[in-house]
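One structure is given below, encoded as structure tokens.
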Amino acid sequence: MQNKIWVMVVAAILTASIVFSTTNPTSTTRSRLVIATTTSTVDSGLLDYLKPYFDKRFDADMTWLYLGTGQAIAVASRGDADILLVHDREKEDAFLASGNGTHRATVMYNDFVIIGPANDPANIRGAGGAVEAFKRIAEAGGSGKTLFVSRGDNSGTHALEMKIWSAAGLDPRERGWYMEAGQGMSSTIRISSEKQAYTLSDRGTWVKLKSALGEALRLQILFEGDKMLLNPYGLILLNPVKYPKINSELAEKFFLFMVSKEGQRLIESYRVAGEQIFFPAFGKAEDIGLPSEEEEVRYWIKRLFENGLEPPPWVKQR
């Protein structure tokens, strides 16, 4: 008899639990989006800024895995993320060519800067270009006057750095004045500050870290403005046929959000310490010296209208 009573009690509890779980108004589950992205979009604070706007509009839970671009692409290649936001055009094109992605568009840009100690022992302030600045750093490094800290992590920043060294006719690896941090941008900047060394940084991460650490970060921007230092960010939609388990529906909504009037306006309005960090670039590829993306732009304008979203004003008439 006692066992029968316990069975009835347990059954009653389970029934109550089931009723509660199906009627509890707070139990709704938001759809989760995983973005594989470079460290700079997170270290700069941009994704934290965009998240509440995207989540609210699409009842979503936007999350991200932030790595160097090479590692982010590797994660997406395994189908462990829903969409890619990175900044290495050669790797992005290879990803698409291999059938891993279906659509790509440049959504924003900023630039890279060369930072270093205020006394500028390599005298790069007056350099005629990024290549000359790197040559001066190598010369000063060879004389024991300075160091250069590389991310050394197969990131987009690292890829650009190696491209500049190559253009300078130099291979700095194995040199005593050159070290590879193997870490993200913020950590690499901190190491450079500790060692009073030069490094290459995206402007967004630099400004964010400088605003947080102030004078404790003992580095300055010493060279900027070369066209070679342009830093465009590409958004890539993964191939849902190749990766059937990804959240392709929400990934497309994120793509639409980023190229919409609202998304481009939010990118433009994001500030750190009063400074604009990113610039909207959807439909502006040729304006900033990149190859035309007209076919993609027309495709996404059509998809925006089909989904009740408005394109940015500069592409609306196409």
### Query
If you place +1 on the Cβ of every Lys and Arg, -1 on the Cβ of every Asp and Glu, and leave all else neutral, what size is the dipole of the stretch 40-117 about its Cα centre, to the nearest 20 Debye?
100
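Taking Cα pairs under 8 Å and at least six residues apart, what relative contact order does the stretch 88-230 come out at, in percent? All intermediate terms of the calculation are to be shown ahead of the outcome.
Details: 214 pairs, mean separation 53.2, N = 143.
Once divided by the residue count of the stretch 88-230, the mean separation gives 37 percent.
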### Task
Could you tell me which of the pairs K135/K284; K163/K253; K210/K245; K91/K302; K208/K302; K208/K242 are separated by over 31 angstrom between their Cα atoms in the structure shown?
K135/K284; K163/K253; K210/K245; K208/K302; K208/K242
### Message
List the residue ranges in the chain for DSSP H helices whose C-alpha atoms run 27 angstrom or more along the long axis and whose Kyte-Doolittle average is 0.5 or above.
### Response
2-23
### Query
Got the relative contact order for the stretch 157-309 handy, in percent, Cα pairs under 8 Å and 6 or more residues apart?
16
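Relative to the Cα centre, what is the charge dipole magnitude of the chain, using +1 at the beta carbon of each Lys and Arg, -1 at the beta carbon of each Asp and Glu, and rounding to the nearest 20 debye?
580
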### Message
Connecting C-alpha atoms closer than 10 Å in a GNM of the chain, tell me which of G128, G182, G141 has the biggest fluctuation.
### Response
G128
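Considering only the chain, what is the antiparallel percent among its DSSP beta bridges, to the nearest 5?
Values: 24 of 39 bridges.
Counting only bridges with both partners in the chain, antiparallel ones make up about 60 percent.
Around S192, with a cut-off of 11 angstrom between Cβ atoms, what is the net charge of the other residues, counting Lys and Arg +1 and Asp and Glu -1? Walk me through the intermediate numbers first.
On the way: positive: R151, R190, K195, R218; negative: E194.
Computed value for this residue: +3.
Counting alpha carbon pairs within less than 8 Å and at least 6 residues apart, what relative contact order, in whole percent, applies to the chain? Spell out each step's value before the answer.
On the way: 546 pairs, mean separation 74.2, N = 318.
Reported as a whole number, the value is 23 percent.
With a ≥ b ≥ c taken as the square roots of the eigenvalues of the C-alpha gyration tensor of the stretch 119-219, please select rounded if a/c is under 1.5 and otherwise prolate if a/b is larger than b/c or oblate if it is not?
Values: a/c = 1.55, a/b = 1.30, b/c = 1.19.
In terms of gyration-tensor shape, prolate.
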## Note on the structure
Cβ-Cβ cut-off under 13 Å around T69, Lys and Arg +1, Asp and Glu -1: the net charge is -4
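What is the Cα radius of gyration of the chain over 2.2 N^0.38 Å, N being its residue count? The partial results should precede the final answer.
Values: Rg = 23.8 Å, N = 318, 2.2 N^0.38 = 19.6 Å.
Computed over Cα atoms of the chain, the ratio equals 1.21.
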### Task
With no solvent and one equal point scatterer per Cα, compute the Debye intensity ratio I(q)/I(0) for the stretch 179-232 at 0.17, 0.20, 0.24 Å⁻¹ and report its log10, rounded to two decimals.
-0.53, -0.73, -1.02
### the stretch 133-186 - charge dipole about Cα centre, Lys and Arg +1 at Cβ, Asp and Glu -1, debye rounded to 20
180
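Can you compute the helix-only [θ] at 222 nm over the chain? Use -39500 (n - 2.57) per DSSP H run of at least 4 residues, normalise by all residues, nearest 500 deg cm²/dmol. Could the numbers behind the result be given before it?
Values: 12 runs with 139 residues, N = 318.
Helix contribution divided over all residues of the chain: -13500 deg cm²/dmol.
Readers should treat all values here as calculations from the given coordinates under stated rules, not as data from a laboratory. On a predicted model such as this, the values are computed, not experimentally measured, just so you know. No Cβ is skipped: glycine too gets one built from the backbone with ideal geometry, and neighbour counts run over all protein chains shown.
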